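Written out below as C-alpha cells is the structure these notes cover.
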Amino acid sequence: MAVSADDLSAPLGQKSTRKRRFRLPFSGTQALATILALLLLGFGGVAIFNNNPMGGEPVVRVAIKAPAATEDKAAAKPPVEVKHGTPETAKAPEAPGQKTITIIDGSSGARKDVVVSSEGSDSATVDSPPPIMTGIDQKLLEKSRHGMVPIAIGALKPVTAYAAGSEAERARAMKTPSISIVIGGLGVGAAKTTDAIMKLPPAVTLGFTPYGSEPGKLVERARAQRHEVLLQLPMEPFDYPDNDPGPQTLLSSATAEQNLDRMMWHMSRFQGYVGVANFMGARFIATDTAMQPIAREASKRGLALFDDGSTPRSVAAAAAEGQGMPFARSDVAIDAVPTSADIDKALARLEGLAKERGVAVGVASALPISIERISAWAKTLESRGVMLVPLTTAMLKSKSS
C-alpha cells in the first residue's frame with residue numbers, strides 16, 4: 001500500500017483530509033485566443049453590415065458657421081472658374097466683348113495668351129480703335145466702324161507709298177536675278193518679332209498677324225528699320241474649327257459682307273502695310289467665291305496680295321489677275337524642315353530658281369535657326385550674282401517679265 005507524505009506527517013490516530021484544487025476546463029492561452037477571435041468577429045460584422053465606403057478613414061468633424069448675408073448683393077463677386085494647367089495656359093477672366101486666344105510660339109513651343117476683341121461681324125459694338133501710327137500718310141486712311149483702314153487716292157496707293165527700297169535698287173533688280181523672302185507670323189511674341197526686325201536684312205519683308213497686344217508699335221519699329229510690311233488675314237483652314245486661326249477669321253461659309261467686315265477689323269489693327277496675305281486658310285484661299293471679294297476689296301484700297309504657297313489648290317493668283325493688282329506666290333517654304341542643313345538647301349534652291357527665272361520668292365517663320373541661317377546666307381548672296389529684294393520689287397519684276 002502506498003503511503004503519501006501527508007499520511008506520514010499526520011498525527012497518530014487521525015486521517016489526513018486531501019485538499020481539492022479547482023481547475024478551469026481550458027488553459028489561459030485558449031482563453032486569450034477566444035477573446036481575440038470574438039473581437040475580430042465583431043469588427044467583421046461592422047464592416048459587412050455598415051455601408052460606409054470611408055470606413056477605417058480618419059474622420060474629423062468641424063462646425064462651420066455660414067457668413068451673414070450682405071444686403072448689397074450687387075457688390076458680391078461671382079466665382080471665377082480657373083482651369084488648372086501650366087502657368088502659360090491658365091487664362092484670366094475675359095471682359096465683355098473680348099476673347100482670349102492661345103498662340104503657340106513656333107520657336108520655343110511656349111503658349112502665349114492674347115486678348116483681342118471677340119465681336120462678330122454682325123455685332124453693333126465697336127471696340128476702341130488702335131491709334132494712328134507715326135510715319136503714315138493721312139491721305140491714305142479712311143475711317144471705318146472698326147478704326148482707320150487703308151484707301152487709295154487716284155495713283156497714290158499704299159503698295160507704292162510704303163514700298164521699301166529705292167528707285168535705283170529697283171532698276172538694278174530688273175537686270176539681276178532677285179530673291180524676296182517673307183517672314184510670317186509676327187506681332188505675337190515681342191522677343192521673336194524684335195529678333196526678326198533687328199537681325200534680318202532690311203530687304204526681308206515681314207508679315208504681321210493682327211493679334212498682338214500692341215502690333216502697331218512693332219510695325220513702327222519694323223518700318224523704322226526699312227522693312228516692308230504685310231498684314232496677314234486669318235483665313236479658314238480645312239480642319240476649322242479644330243484648327244482655329246483666331247477671332248474674326250474669314251470663313252468660306254460666311255457671306256461676302258460678313259467677310260469684308262472682318263477684313264476691315266483686321267485692316268484697322270495697324271497701318272503702313274503694302275498688302276495682305278493669308279494666315280493659314282487652306283480652305284478659304286481655295287474657294288473662288290470667298291476669295292474674289294477679298295481680292296477685289298484689297299485692290300480697291302491699293303494693296304498687293306501675297307499667297308504663302310501652302311496649298312496647291314489656291315485661287316489667289318487668278319483672283320489677283322482678275323483685278324490687275326500686284327501679286328506674288330511663294331516658291332519655297334524655307335524652314336519646312338527647321339534644321340540648318342535643310343534651310344541651307346532651301347535657300348540654295350531659291351538661288352537656282354532666281355537664276356533660272358529671274359525672280360524667286362521664299363517664305364519662312366521667325367524660328368531662331370531660320371533667322372540665323374537667312375542672315376548668314378544674305379551676307380554673301382550678292383557675291384554670287386543674286387540680289388535680295390523687298391516683296392514689292394519681286395512683284396513688279398514678275399509683272400514686267
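Quick notes
- Net length gained if the chain between Ser310 and Arg172 were fully extended (0.36 nm per residue, minus Cα distance): 46.7 nm
- Cα pair distances in segment 240-358, grouped into 5 Å bins until the bin that holds the longest one, percent each: 2, 10, 18, 21, 19, 13, 10, 6, 1, 0
- Contour minus Cα-Cα distance for Ala333 and Lys355 (0.36 nm per residue): 6.1 nm
- Here is the list for segment 203-264: trypsin sites (Lys or Arg not before Pro) lying in DSSP coil, each with at most 15 other C-beta atoms within 10 angstrom of its C-beta, are Arg226.
- Taken per residue, the accessible surface of segment 323-401 reaches 45 Å², heavy atoms only and a 1.4 Å probe.
- Protection proxy ranking of 187-196, 301-310, 347-356 - average other beta-carbon atoms within 10 Å, highest first: 301-310, 187-196, 347-356
- Simple label model, 7 Å out from Cα along Cβ direction - Ser340 to Ala376, nm: 0.5
- Farthest positive-ward along segment 319-372 dipole, Cα basis, beta-carbon charges - from Ala366, Met325, Leu353: Met325
- Label-point gap, in nm, between Gln225 and Arg296 - each point 7 angstrom along Cα→Cβ: 3.9
- Rounded, prolate or oblate (a/c below 1.5 giving rounded, otherwise prolate when a/b exceeds b/c) for segment 125-199 by Cα gyration tensor: oblate
- Inter-label distance, Ala191 to Gln323: 3.8 nm, where each label sits 7 Å from its Cα along the C-beta direction.
The values are calculated or read from the model by the stated rules, or taken from the named source; none is laboratory data. Keep in mind that what you see is a predicted model, and the values were worked out from it rather than measured. Using ideal geometry, Cβ is built from the backbone for each residue, glycine included, and neighbour counts are taken over all protein chains shown. Ligands, DNA and RNA are stripped out before the accessible areas are found, and what is left, the full protein with its side chains, is counted by its heavy atoms. Shrake-Rupley method; radii C 1.70, N 1.55, O 1.52, S 1.80 Å.
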